[in-house]
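These notes are about the structure you will find just below.
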Amino acid sequence: MRVATLFLLGAALVVPIGATRADAPPRQGWGEPLTADELRPFDITVFPDGAKLPPGSGTPTQGEAIYRQRCAWCHGPTGVEGPASRLVGADGFFEWSDPLRAIRIVKNPVLALSMGGQWPYATSVFDYVRRAMPHTAPKSLSNDEVYAVSAYLLHRNGLVGRDEVMDAKSLPLVLMPGAARTVSAWPLEGTGRAPSPTSEKAGSR
């Protein structure tokens, strides 16, 4: 008897609600579609093979001046001192070219890992610098400046020449040391590199 009473009470509550929904106006959406111009500042992801790299170019020489002005106060004058993430050299606590690294790591453990030794794609350097650096003013660098800073960091890691120009064609061809230790969940056939939505082949150098 008690179960039947509860069933009837529940039905009495549900029926009026269902009846009112038919007369209710359509529910409005929670947002509005973005226009292409509104979306463009956020649609800046650069893929490992270089897809969606913007026009522009830069050299290590140009990038050094920008680095000293905009980056060195966090990453150090040569990219190894910190206190922010180390940008130059191999991973680990010691390297013959950087014998004092272990002392700095004790103070700032993040310095044990290096962008130059860990990151698998040169295009990721451009992507990260453009969207997040400098830390106090992300997205404030022009495309040419980002190419130049990327070129300088690659040069400091011994991956490109002092006067080599980095642009949308040359940057994806730089093979990073970390690529050998990286396994993509969606590798391109025969390359081991990650694909992008707009291309089917990745270059190597």
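Listing for the model above:
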quantity	calculated
Built amide H within the under 5 Å cut-off of residue 175, gap 5+	205
Fewest-first ranking of 42, 47, using other Cβ atoms within 10 Å as the exposure measure	42, 47
Footprinting exposure proxy for 88, 149 (fewest neighbouring C-beta atoms within 10 Å first)	88, 149
Difference of contour (0.36 nm per residue) and Cα-Cα distance, residue 61 to residue 38	4.8 nm
Under 5 Å, built H, 5+ apart or other chain: amide partners of residue 76	82
182, 123, 45 arranged by Cβ crowding within 10 Å, fewest neighbours leading	45, 182, 123
Interchain or long-range residues, amide H under 5 Å from residue 88's placed H	115, 116
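Any read-out appearing in this document is the output of simple, stated calculations on the displayed coordinates, not a laboratory observation. Since we're looking at a predicted model, the values are computed, not measured. Cβ: placed from backbone, ideal geometry, glycine included. Neighbour counts: every protein chain shown.
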